[in-house]
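The values are calculated or read from the model by the stated rules, or taken from the named source; none is laboratory data. Here the structure is a predicted model, which means the values were calculated and not measured. Because the Cβ atoms are built from the backbone with ideal geometry, glycine has one as well, and the counts that use them run over all protein chains shown. Note: accessible area is taken over every heavy atom of the protein model, side chains too, but ligands, DNA and RNA are not part of it. Shrake-Rupley method; radii C 1.70, N 1.55, O 1.52, S 1.80 Å.
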Amino acid sequence: ICIMDKQVLESSEERTFQYQDSLPSLPVPPLDESLSKYLDAVKPFLNQEEYQRTESIVKKFKNGIGKELHQKLLERAKTRRNWLEDWWLNVAYLDLRISTQIYCNMGGPGPFIEHCWPPKEGTQIERACVKIWHTLKYWDLLRAEKVAIERSGDAVLDMNQFRMLFCTCKIPGVTRDSIGSYFKTETEGECPSHLIVLCRGRVFAFDAIHEGSMVTPPEIFRQLTYIQKRCHSEPDGPGLAALTSNERTKWAELREYLIDLDPKNLTLLEKIQRSLFVICLDDSSPHATPEDYTEVTRLGLTGDPTVRWGDKSYNSIFFSNGTCSAFCDHSPFDAMALITMLSYAEQKIIENEGKWKGSDKVRDIPWPEELVFTVDQKLINEIGRTKELYYKKVSDLQLVNYAFTSFGKAMIRKKKLHPDTFVQLALQLAYYKCHGRPGCCYETAMTRRFYHGRTETIRPCTVEAVEWCKSMLDPSDSSYQRLQLMHKAFAKHNKIRKECENGKGFDRHLLGLLLIAQEQGLPVPELYMDNAFTASGGGGNFVLSTSLTGYTRFSGSALPMVHHGYGFFYAIRDDRIVTSCSSWKSCPETDAEVLCRTVFQCFQDMLQLTVTAQL
């Protein structure tokens, strides 16, 4: 009976991907609703006259071409569970020709310095093997479909992105990239099980499974030590990985050249593409404290390009002082899937005090193999040129990653305010203070309650937010007036967030209508050519590109969307708010350090307002 009960229990547990087929399809919102939301969103950026002009353009669109395009979009949605999915992948990621490694990848520092692993030279390999092992255990759970299904309230969330954490890589194409994903669950069949290690311009591989069981931390230690000893005693390799940082068409052409040079090179490239993930052994020792992650974040995103495979969905970077970082291609998934996995590993690391408490026995496993590419002088020159260009571009980046430690989620909740909205409104106020005008802003909303849902745009720069900002800067307004306006701005933001998560946003809808027009070979509708469209952030013109990375110890970062913009990413914890802010030094108007410090001041001002107004 006991055995029976155990089997029943196990079979009644939910499997990670079991609800994928029953998730609702991504809806197409009603056209008039989307257009009225759009009109509301452009208001802060237009004067009366411009607004009236835009209003008539929108009306014309609604009764004319927009109506036709909307019908065609509804037709498309009838035959697809997610009408946006392949379009979004192409338009947001795969069609881009810029260096995606620099401008689109995302990354973030490991928070382990706050508990188990303060920075310490000589710990790189021992920490790496513990973290790698916990990551492999997560891969094992995912293959067995034992990773818990995520929910928002009662709603089951789409888990598809989790498949992309492992064995996934972007492959450059001359006009459009593609994604190779080789992950399989146990029921689906064989899944690649090797790891790639990048060190000093060289590439190595070893298997994570030996004779049917996972390699242990002492065994991983043996493999990584072997690689490191060889790399430190022999000449550096060619640094082929740097090529992934090129503009996409250039990288696609060089990749073709590499394959034509020797067909063996293709086998090696495929080995990297199919690998579980990439381990990067980086020689830098970034300074890091719990209050200031700036250097480890900056190096994680823009460090040595010869020890990052920019197209890989997950690069796990270990610095020589035992600090670490994650670096990911953004196309196959959004940050939350990664953060869920990293939080799992962190929890396990804390439970074991950062150590391996199992057996020290090391089996006689095969040594790592080096992937030696055939390269010629032309490729060596190209690698050199690529590195030079890369460092020139990334040296223009200004990035800070600071913790605001006066208060966090606990205090904000106590004031009955939504923590995410709190940060977004502080950012609106800070931008207004620094630049004297409203800042069009993109905040990510998650649409994972729908089949293969990814994101929708929340536009935090609302009429209500701007009214409140003006009031905060108007010395004649009372605390009471300011608080009333702040509550209105909060309510508006919360309403928009909810709509976006429920598939009732308008940005993806407007994109869909534009893409239908393009597919049909129709001219671009006037709505998209109107200054209001661009000024309010449309077409990827948001000055503030932002996202909440959740309520864990993991904060992440990406670079600004436009040259005169900022990237602003934040994790909200009980007692602190960890923010990462980036801008370009070559833009005289922007300064990431100043904006970040101003946001911190605004946090204080907002809390103060709730106190003062109560008196």
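With an 8 Å Cα cut-off and a minimum separation of 6 or more residues, compute the relative contact order for segment 464-615 in percent.
Relative contact order for segment 464-615 comes out at 14 percent.
With a 1.4 Å probe rolled over the protein heavy atoms of all chains, the accessible area of His210, His493, His418 falls in the order His418, His210, His493, largest first. The trypsin sites (Lys or Arg not before Pro) of segment 114-204 that meet both conditions, a loop assignment by DSSP and at most 16 other Cβ atoms within 10 Å of the site Cβ, are Lys120, Lys146, Arg176, Lys184. Solvent exposure of segment 428-584, expressed per residue, is 34 Å² of accessible area, with all protein chains present and a 1.4 angstrom probe. Relative to the current alpha-carbon distance between Ala148 and Leu261, full extension at 0.36 nm per residue lengthens the span by 36.1 nm. Look at the Cα gyration tensor of segment 138-193: its axes a ≥ b ≥ c give a/c of at least 1.5 with a/b at or below b/c, and that counts as oblate. Against the chain, whose longest principal axis comes from its Cα atoms, helix 124-143 is set at around 70 degrees.
Heavy-atom accessible surface of Glu346, to the nearest 10 Å², is about 10 Å², with a 1.4 Å probe and all protein chains retained. Each Cα pair under 8 Å and six or more residues apart adds its separation to the average, and for the chain the resulting relative contact order is 20 percent. In terms of its C-alpha gyration tensor, segment 285-441 has an oblate overall shape, because the principal axis ratio a/c (a ≥ b ≥ c, square roots of the eigenvalues) is not below 1.5 and a/b does not outweigh b/c. Roughly speaking, to the nearest percent, how much of segment 1-160's 1.4 Å accessible area is carbon and sulfur? The value for segment 1-160 is 53 percent carbon and sulfur by accessible area.
Placing R0 at 35 angstrom, the Cβ-Cβ distance between Asp21 and Glu467 gives a FRET efficiency of 0.15 after rounding to 0.05. Shape class of segment 115-272 from the Cα gyration tensor (axes a ≥ b ≥ c, square roots of the eigenvalues): oblate, since a/c reaches 1.5 or more and a/b does not exceed b/c. Compared with the dominant Cα axis of the chain, that is its longest principal axis, helix 335-351 is turned about 50°. For segment 531-557, no residue has its backbone nitrogen under 11 Å from a point 7 Å from the Cα of Lys488, taken along Cα to Cβ.
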